[in-house]
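Shown below is the structure under consideration.
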Number of protein chains: 2
Amino acid sequence: MATAPTVDAVVRAAGPHVAALMGRIEERLAAVIAGHGELLAAHAGSTIAAGGKRLRPLLVLVAAGPDATGDGIVRAAVAVELVHSATLVHDDVLDAAALRRGRPTVVASAGRDIATATGDLLFSRAFAELADNGRIDEIQVLSDAGSALAAGELLQRADAWDGSVPVQRYLERCELKTARLFEAACMLGALEGADADGRVEALGAFGRRVGLAFQLLDDVLDVSGPAERTGKHRGADLLDGTVTLPLILARERDPELAALDPRSVRTPAEAEAVCARVEATGALEEAKRRALAIVAEAKAELPELPGPQREALELVADGVVERYA
Amino acid sequence: MATAPTVDAVVRAAGPHVAALMGRIEERLAAVIAGHGELLAAHAGSTIAAGGKRLRPLLVLVAAGPDATGDGIVRAAVAVELVHSATLVHDDVLDAAALRRGRPTVVASAGRDIATATGDLLFSRAFAELADNGRIDEIQVLSDAGSALAAGELLQRADAWDGSVPVQRYLERCELKTARLFEAACMLGALEGADADGRVEALGAFGRRVGLAFQLLDDVLDVSGPAERTGKHRGADLLDGTVTLPLILARERDPELAALDPRSVRTPAEAEAVCARVEATGALEEAKRRALAIVAEAKAELPELPGPQREALELVADGVVERYA
């Protein structure tokens with residue numbers, strides 16, 4: 001999950017202002033966490049610090065282009081990352097996850113109640129942060145994305161343990177759970193960009209496709225492993241009742257998988273065996289192929305843009321693909 | 001918890017437009033719930049429909065005065081109630097509550113994961129609803145209140161099972177958990193009001209005091225019972241580890257209560273016994289007296305206002321007190 005190489009490549013393409021802005025985003029995230037009491041700092045600090053790829057803030061920056069270097073773009077990127085962090089904290093509550101990126105989750109170290117309130121606080125601070133930009137259109141983008149995230153989570157729970165989920169429904173869930181916040185990141189960047197006219201929707205569509213591909217590849221990684229790459233054992237989604245594209249595709253190819261009741265998979269060893277069987281059908285390659293096609297479409301449908309900005313956007317899209325390589 | 005009498009009295013004082021607006025608020029709440037998928041309707045519908053007092057929307061209306069009758073005031077009231085509903089759904093997750101107002105909670109009927117996502121969705125929709133007013137100052141008021149709610153929840157968890165919590169810390173928690181959203185209701189109403197200049201802060205302070213008194217009396221009710229009034233057995237807060245004003249005051253009067261470790265209270269019967277002992281110290285009267293003094297202060301500090309609006313605000317403040325009578 002190569003953050004730094006992607007950021008470095010983007011900096012080479014788009015200019016050193018991206019590196020400076022990423023630094024300011026980190027500082028501001030730390031300040032938001034530190035500025036709302038010891039409890040938030042104690043509980044959310046590790047989730048924010050663990051950090052991960054900062055892919056969404058990076059999307060905000062590259063969608064905005066080189067002229068957006070003020071506090072507005074930093075606030076937009078911070079707001080998106082805070083919403084993302086809030087969903088991570090809440091997702092861990094839902095999954096009762098013990099570790100995220102190798103560190104104890106909020107729910108594991110402090111309990112469900114603290115984790116629920118911590119996520120709520122991060123979510124509120126995201127809107128407070130973005131409100132300081134004074135732009136109601138930005139608030140609308142973020143609140144719609146926030147609604148989509150929650151609706152996606154509800155859909156995932158509704159479909160839990162259902163082996164017969166169709167591809168279309170799976171894709172709808174990925175759109176809600178993941179792609180819409182990538183879309184929002186690009187839209188917010190475009191709105192803060194100097195010459196956003198007519199590009200907000202197009203850049204939003206780019207982000208949405210990149211986000212969809214990101215989720216597909218994430219779901220492939222859960223089946224392909226290895227655990228030291230993902231920080232989880234293979235098949236964690238399956239044990240959680242979440243039926244993803246690899247299994248959906250594999251069921252069309254392997255009657256025994258088609259007959260499998262997801263509820264019967266109870267142990268990591270059983271999940272591992274199902275993963276191996278899914279892999280044997282070639283479903284992982286097919287899912288990966290679909291994700292790559294979506295990334296290619298995202299790049300092909302980019303609007304007319306200055307060369308360095310287009311290159312930076314393409315590099316971020318490629319960075320999503322490289323996670324799998 | 002006399003909603004209807006309060007609303008009726010306010011309508012008599014402030015005019016029939018309040019009744020019409022309360023009706024429109026109910027319709028809009030129902031439409032928001034219905035408009036975001038079956039899952040939200042199924043899970044949040046009962047929480048919203050159970051409704052309760054609609055005290056916060058009423059505060060929005062009476063703080064706005066008679067000239068605010070457009071969609072803006074309805075959206076502000078709906079947004080506040082959605083945030084309140086989101087916190088109810090999440091609080092029930094934290095408390096693992098089975099019933100709220102005599103109906104099964106979302107967490108009891110659908111599980112923690114659905115309840116967490118449902119609360120998140122209600123919260124996002126609140127901001128989406130308010131954003132349609134196009135006023136960034138209103139978004140700032142709501143996001144600050146949302147942050148306060150979550151911070152209050154964190155504080156409550158941090159103080160759980162701590163019998164030695166001082167009064168000041170308890171009051172701080174009540175401010176965050178409850179009073180700040182009442183304050184936001186009044187500030188949003190004032191912002192939507194026709195002639196809000198200089199009254200936003202003053203009306204906010206009124207709401208904050210009313211909210212603080214509301215929480216104090218709610219905590220008195222938890223100890224005084226009876227269960228058929230509150231829908232819970234006496235001492236539910238204590239069993240949940242939440243040390244409130246009656247116990248804090250009673251500990252100053254009764255050495256045996258001062259020596260009590262809240263963790264030792266494990267059964268409803270034990271909680272009932274502690275409640276009786278708290279009651280015997282006179283702490284309930286003292287807590288109630290403090291709440292009434294705060295309500296009186298709220299009324300005394302109201303800014304200059306037209307007679308009917310002032311009367312309506314006073315009636316809502318009195319309605320909070322009457323819950324206890």
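The values are calculated or read from the model by the stated rules, or taken from the named source; none is laboratory data. Being a predicted model, the structure only gives us computed values, none of them experimental. Glycine also receives a Cβ, built like all others from the backbone with ideal geometry; neighbour counts cover every protein chain displayed.
Restricting attention to the stretch A:108-117, which residues are more than 7 Å from chain B (Cβ to nearest Cβ) and either closer than 16 Å to B:LEU155 by Cβ or modelled with pLDDT of 90 or more (or both)?
A:ALA110, A:GLY111, A:ALA115
Conditions tested, residue by residue: (1) closer than 24 Å to A:ALA190 by Cβ; (2) in contact (Cβ under 8 Å) with a residue 40 or more places away in the chain; (3) part of a loop (DSSP other than H, G, I, E, B); (4) of a type in the set (D, E, K, R).
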position	(1), (2), (3), (4)
A:VAL243	no, yes, yes, no
A:LEU257	no, no, no, no
A:ARG263	no, yes, no, yes
A:VAL278	no, yes, no, no
A:GLU285	no, no, no, yes
A:ILE294	yes, yes, no, no
A:GLU311	yes, yes, no, yes
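I've got another one for you. If the Cβ limit is 7 Å and pairs must be 6+ apart or interchain, which residue in the stretch A:141-158 that is under 16 Å from A:LEU245 (Cα atoms) and more than 8 Å from chain B (Cβ to nearest Cβ) pairs with which residue that is among the basic types (Lys, Arg) and in a helix (DSSP H, G or I)?
A:GLY152/A:ARG173; A:GLY152/A:LYS177; A:GLN156/A:ARG173; A:GLN156/A:LYS177
For B:VAL278, are the conditions met, namely being surrounded by fewer than 24 Cβ atoms within 10 Å (Cβ to Cβ) and farther than 20 Å from B:GLY319 by Cα?
no
Before we move on, is A:ALA79 within 12 Å of chain B (Cβ to nearest Cβ) and touching a Leu at 6+ places or on another chain (Cβ under 7 Å)?
When the stated conditions are applied, A:ALA79 passes them.
I'd like to check something: does the stretch B:160-167 contain any residue that is aromatic (Phe, Trp, Tyr), within 14 Å of another protein chain (Cβ to nearest Cβ) and touching a Phe, Trp or Tyr at 6+ places or on another chain (Cβ under 8 Å)?
Checked against the condition, which is being aromatic (Phe, Trp, Tyr), within 14 Å of another protein chain (Cβ to nearest Cβ) and touching a Phe, Trp or Tyr at 6+ places or on another chain (Cβ under 8 Å), the stretch B:160-167 yields no hits at all.
Here's another thing I want to ask about it. More than 7 Å from every other protein chain (Cβ to nearest Cβ) and surrounded by fewer than 22 Cβ atoms within 10 Å (Cβ to Cβ): is that true of A:ASP137 in this structure?
Yes; evaluated as a whole, the condition is true for this residue.
Of the residues that sit in the stretch A:118-134 and are surrounded by fewer than 24 Cβ atoms within 10 Å (Cβ to Cβ) and more than 12 Å from B:SER143 (Cβ to Cβ), which one is nearest to the other protein chains (Cβ to nearest Cβ)?
A:GLY134
Hey, among the residues in the stretch B:313-325 that are outside any helix (DSSP H, G or I) and surrounded by 15 or more Cβ atoms within 10 Å (Cβ to Cβ), which one's farthest from the chain's Cα centre (by Cα)?
Only one residue fits best here, namely B:TYR324.
Please verify whether A:GLU153 is surrounded by fewer than 24 Cβ atoms within 10 Å (Cβ to Cβ) and assigned to a helix (DSSP H, G or I), treating the condition exactly as stated.
no
The rows are residues; the columns are (1) in a loop (DSSP other than H, G, I, E, B); (2) of a type in the set (A, V, I, L, M, F, W, C).
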| site | (1), (2) |
| --- | --- |
| B:ASP144 | no, no |
| B:SER164 | yes, no |
| B:LEU171 | no, yes |
| B:ALA194 | yes, yes |
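Let me ask something else. Taking the condition of being hydroxyl-bearing (Ser, Thr, Tyr) and over 10 Å from A:ARG208 (Cβ atoms), how many residues in the stretch A:170-193 meet it?
Matching residues across the stretch A:170-193 total 1.
Which one of these is among the aliphatic types (A, V, I, L, M) and closer than 24 Å to B:ALA300 by Cα: B:LEU181, B:LEU249, B:LEU149, B:LEU221?
Matching residue, one of B:LEU181, B:LEU249, B:LEU149, B:LEU221: B:LEU181.
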